[in-house]
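Written out below as structure tokens is the structure these notes cover.
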Amino acid sequence: MCIRDSIHNGIDTNIFKPISNEYENYVLHIGRLSLYKGSHIVLALAKRMYKKYPQIKFIFVGRVSKSLVYIAKKLRNMIILGWVSLERLIDLYSKSLCVLVPSVRYEPFPLVVLEAMSCGAPVIASNRGGIPEAVKHGDNGFLIEPYDISSIEKYILYLYDNPPERRRLGRNARNTVVSRFSLKIMGEKYLSVYKQFL
């Protein structure tokens with residue numbers, strides 16, 4: 001391995017793994033709820049889809065704000081969980097329709113993308129920073145431009161209406177992480193670099 005090659009973050013695929021072959025009709029948004037992470041876009045999407053598709057829920061996991069709780073009370077398709085245990089997080093990833101990462105600014109290489117994919121969840125994410133290195137459009141998830149709410153809605157409904165496609169993308173997502181972004185692979189790459197200096 002050339003020392004100029006990048007070494008991506010890796011995750012433990014023995015911990016982050018699918019726990020069920022079945023999934024439920026909810027969309028997941030994980031992490032620090034902020035404008036930077038595109039949380040306001042997810043809120044706008046939940047509001048937009050509420051009347052036409054009330055059966056599709058939006059679950060928020062992360063730091064809870066009073067304003068978010070206030071909005072959630074008005075929209076019955078929103079569920080605010082705050083921080084959850086690792087076990088619960090893996091369960092949520094595995095059973096989600098998809099995971100949204102609609103960041104509006106540069107994202108180096110968010111671990112939430114790898115965690116979701118490793119648990120067999122397709123990711124709908126902004127085509128920014130390091131995200132496209134893991135998410136391949138139409139193969140293991142979907143890439144969108146920041147603020148493109150219409151495209152996010154389109155892909156959510158595509159997954160909702162096509163269970164075989166949801167499962168295909170989920171399998172591909174898992175395989176992508178296992179083959180390219182596991183802790184084992186990350187360790188092997190670091191070891192290869194260290195050996196060049198011995």
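Checked against the criterion of being of a type in the set (Ser, Thr, Tyr) and within 17 Å of Leu157 (Cβ to Cβ), the range 33-48 has no qualifying residue. Residues in the range 24-39 that are surrounded by 16 or more Cβ atoms within 10 Å (Cβ to Cβ) and at pLDDT below 90 were compared, and the one that is nearest to the chain's Cα centre (by Cα) is Gly31. Identify, please: which residue in the range 40-54 is free of Cβ contacts under 8 Å to residues at least 60 places away in the same chain and within 21 Å of Lys66 (Cβ to Cβ) and is, among those, least open to solvent (accessible area, probe 1.4 Å)? Among them, the one singled out is Ala46.
Checking each residue in the range 124-163 for being among the hydroxyl-bearing types (Ser, Thr, Tyr) and assigned to a loop (DSSP other than H, G, I, E, B) picks out only Tyr147.
Residues being free of Cβ contacts under 8 Å to residues at least 60 places away in the same chain, farther than 23 Å from Val178 by Cβ and open to solvent by 10 Å² or more (accessible area, probe 1.4 Å) are entirely absent from the range 129-142.
Test Gly130 against the stated conditions and say whether it is small (Gly, Ala, Ser) and at pLDDT below 95. Criteria met by Gly130. When Phe60 is tested against (1) open to solvent by less than 70 Å² (accessible area, probe 1.4 Å); (2) at pLDDT below 90, exactly one condition is not met: (2). The set of residues in the range 94-116 being assigned to a helix (DSSP H, G or I) and closer than 24 Å to Gly129 by Cα consists of Leu111, Val112, Val113, Leu114, Glu115, Ala116.
Considering the conditions (1) in contact with a helix residue (DSSP H, G or I) (Cβ under 6 Å, 6 or more places away or on another chain); (2) farther than 15 Å from Val61 by Cβ; (3) open to solvent by 40 Å² or more (accessible area, probe 1.4 Å), Ile80 is excluded by exactly one of them, (2).
The values are calculated or read from the model by the stated rules, or taken from the named source; none is laboratory data. As the structure is a prediction and not an experimental result, all values here were calculated from the model. Positions of Cβ are backbone-derived with ideal geometry, glycine not excepted, and every protein chain shown enters the neighbour counts. The area values use the complete protein model at the heavy-atom level, side chains included, leaving out ligands, DNA and RNA. Shrake-Rupley method; radii C 1.70, N 1.55, O 1.52, S 1.80 Å.
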